[in-house]
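Trainee: Below you will find the structure I want to go over with you.
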Amino acid sequence: MALAILPFVICAAPGASAAGRPNIAVILVDDMGFSDIGCYGSEIPTPNLDKLAAGGLRFTQFYNTARCCPTRASLLTGLYPHQAGVGHMVTDRKQPGYQGNLNDRCVTIAEVLHGAGYRTAMTGKWHVTKYTEATNDAEKANWPRQRGFDHYFGVIKGTANYFRPDSLTRENEHIQPPADGFYTTDAFVDNALKFVDDGDKSKPFFLYLAFNAPHFPLMAPADEIAKFRGKYKVGWDKLREQRRARQVELGIVDKAWPLSPRAPEVKAWDALSPQEQDRFDHLMAIYAAVVAHMDAAVGRLVEGLRQRGTLDNTLILFLSDNGGNAEAGPDGRYVGEQPGNADSNIYCGQSWATLENTPFRRYKHYNHEGGISTPLIAHWPARIPGSGQLRTQPGHLIDIMATCVDVAGAAYPKEFKGKAIQPMEGRSLVPAFDSKPIQRDALFWEHEGNAAVRVGDWKLVRLGRNGPWELYDLKADRTEQRDLSAAQPARVKELAAKWDAWAARAQVKPYPTGDPVDTGTPKKGKKKGTPVR
């Protein structure tokens, strides 16, 4: 189906460099915790991402939406996820904010930049529409090619087998991966570079590379897993302390913020039997191999851009879609004769997710800092000084659209394909590139009833729709250890009213009827839906 793109007006961009409008590459990883790469404190070797950070900027207070589908909807559209129609997952729950598809009152970055003269391409995980064996254009209305991308190679579905993905798609057609030698992480980069080589080279490109790594089921080549075997027998307790110490040394976290306590459901490492420790070591070795392989793939992409002479004027943004994933509970999941191969089913689980989100509380699904905090690396040699500096300005996924519009010299539309388009919610990150503040009133979150609002350094957060509000001063206590709600009821009331007004405006309400499909992380021995507290 031909893709109709309405024209936009090109205007001068404050963020554009003297070399002309930049290429833009947004790299999103899946279910990776705040501390899982070296330049944010990890022991996992990630030399390529560390090099990008050393040549660019690291944001220490950047946020996602705590879950895969909402994050992708928010990143792509510059709106809060409910405004784009994806407030939960990709099931239609019969309310405007929860229809499970990108709606027609939003535009994607690709649609905006395509109209501004950019080539647009995507590789990787889409997951903002219900997956079906689509056979006609109507069923593909929310696929990448129908939402502004010239080219697409990836998986439409949310969960993918790394070696044998069952929703692999090229352009608009399902395809089968080769029987041997296929691995999603590598294939996504191979096709990204191919797309960079396609089309009119006089036009800059926008590339959205959305890895499924390190989402479950965790899989990696056996020889790469073997390199990490035994390295995690030191255990999560000592490793959390070591990661936090590196984060303090790097300036990522303030030494005044205490390490969040180990969750009650997670056992002390020294209390485990040698057999249990070996099993857990194997789980984390697989996870580390997946992350390290992803880092090598990013290195291959960067080197490919360098060889093509496009790296200097390419803005690269690297981030994660939510915090580390505690699904499968404290024990994780360890199924398969050869854990980590194409026939296995591996989840790290809550115990290792507690390490992944160091030093914060909670996990994917939740709006405490462990669920919503992500690394953000910004690299752009033609515009950003290559000194490895940190930026502490709070930012959010809604800012990615605004940043792309800014540096591309594009005009965000009021109308698209005959439909009125909601205004962008985000702010450009370009001022932060120059150590200037990002002017905004507040940032907001909601997922499965878990909710939060941040104004300045004050954050109000709750568990579930009926949970009590907790109040934290993030400047003094970003690990959310000292709840000040009882001491400051007036501030709680003020921030709660602000959140309520946003929830009404942003289609968070009305809530869909019934419980969400997923309501959190099940405890061991409990039925699915019982959240870990």
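Since every read-out is calculated from the coordinates, none of them should be taken as a lab result. These numbers were taken from a predicted model, which means no experiment stands behind them. Backbone-built Cβ (ideal geometry, glycine too); neighbour counts: all protein chains shown.
Trainee: Measure up LYS233/LYS267; LYS157/LYS203; LYS194/LYS227 against 20 Å on the Cα-Cα distance and list the ones that go over. Write out the running numbers ahead of the final one.
Mentor: On the way: LYS233/LYS267 14 Å; LYS157/LYS203 31 Å; LYS194/LYS227 31 Å.
In this structure, LYS157/LYS203; LYS194/LYS227 lie more than 20 Å apart at Cα.
Trainee: Is any helix in the chain, taking whole DSSP H runs, at least 27 angstrom long along its axis by alpha carbon and on average at least -1.0 on the Kyte-Doolittle scale, and which ones? Please list the in-between numbers first.
Mentor: Numbers: long enough: 274-307 (48 Å, -0.04).
TM-like helix candidates: 274-307.
Trainee: With a sphere of radius 12 Å drawn around the Cβ of MET401, what net charge do the other residues whose Cβ falls strictly inside it have (Lys, Arg +1; Asp, Glu -1)? Don't skip to the end; give the middle numbers.
Mentor: Working: positive: ARG427; negative: GLU111, ASP399, ASP406, GLU425.
Local charge sum for MET401: -3.
Trainee: Follow-up question, since we're still on this one. Using a cut-off of 10 Å between beta-carbons, work out the net charge of the residues near MET122 (Lys and Arg +1, Asp and Glu -1, MET122 not included). Don't skip to the end; give the middle numbers.
Mentor: Details: positive: LYS125, ARG145, ARG147; negative: ASP150.
Net local charge, MET122 excluded: +2.
Trainee: In region 130-190, what GluC sites (Glu not before Pro) fall in a loop by DSSP, with at most 10 other Cβ atoms inside 10 Å?
Mentor: Numbers: sites: GLU133, GLU139, GLU171, GLU173; in loops: GLU133, GLU171.
Passing sites in region 130-190 are GLU133.
Trainee: Among the aspartates and glutamates, which fall within straight-line cross-link reach of LYS509, defined as a Cα-Cα distance under 16 Å, with same-chain neighbours fewer than 8 residues apart omitted?
Mentor: ASP92, GLU446, GLU448, ASP500
Trainee: Also: Can you check what the net charge comes to around ASP278, using other residues whose Cβ is under 14 Å from the Cβ of ASP278 (Lys, Arg +1; Asp, Glu -1)? Numbers along the way, then the final one.
Mentor: Details: positive: ARG229, LYS231, LYS233, ARG279; negative: GLU276, ASP281, ASP331.
For residues surrounding ASP278, the net value is +1.
Trainee: Now for a different question. Would you compute, from DSSP H runs of 4+ residues alone, the mean residue ellipticity of the chain at 222 nm, taking -39500 (n - 2.57) per run and dividing by the full residue count, rounded to the nearest 500? If you can, show how the numbers build up before the last one.
Mentor: Details: 13 runs with 141 residues, N = 533.
Mean residue ellipticity, 222 nm, calculated: -8000 deg cm²/dmol.
Trainee: Hey, how many Å between the Cα centroid of region 364-435 and the Cα centroid of region 69-87?
Mentor: First find each Cα centre; the distance between them is then 14 Å.
Trainee: Just one of [x] -0.40, -0.96; [y] -0.34, -1.00; [z] -0.25, -0.92 is log10 I(q)/I(0) by the Debye sum over Cα atoms at q = 0.06, 0.11 Å⁻¹ calculated from these coordinates, so which is it?
Mentor: Checked against the structure: label [z].
Trainee: If packing is taken as the average number of other Cβ atoms within 10 Å across a peptide's residues, how do 392-398, 490-496 rank, most packed first? The partial results should precede the final answer.
Mentor: Numbers: 392-398: 23.0, 490-496: 15.4.
Put in order of decreasing packing, that is 392-398, 490-496.
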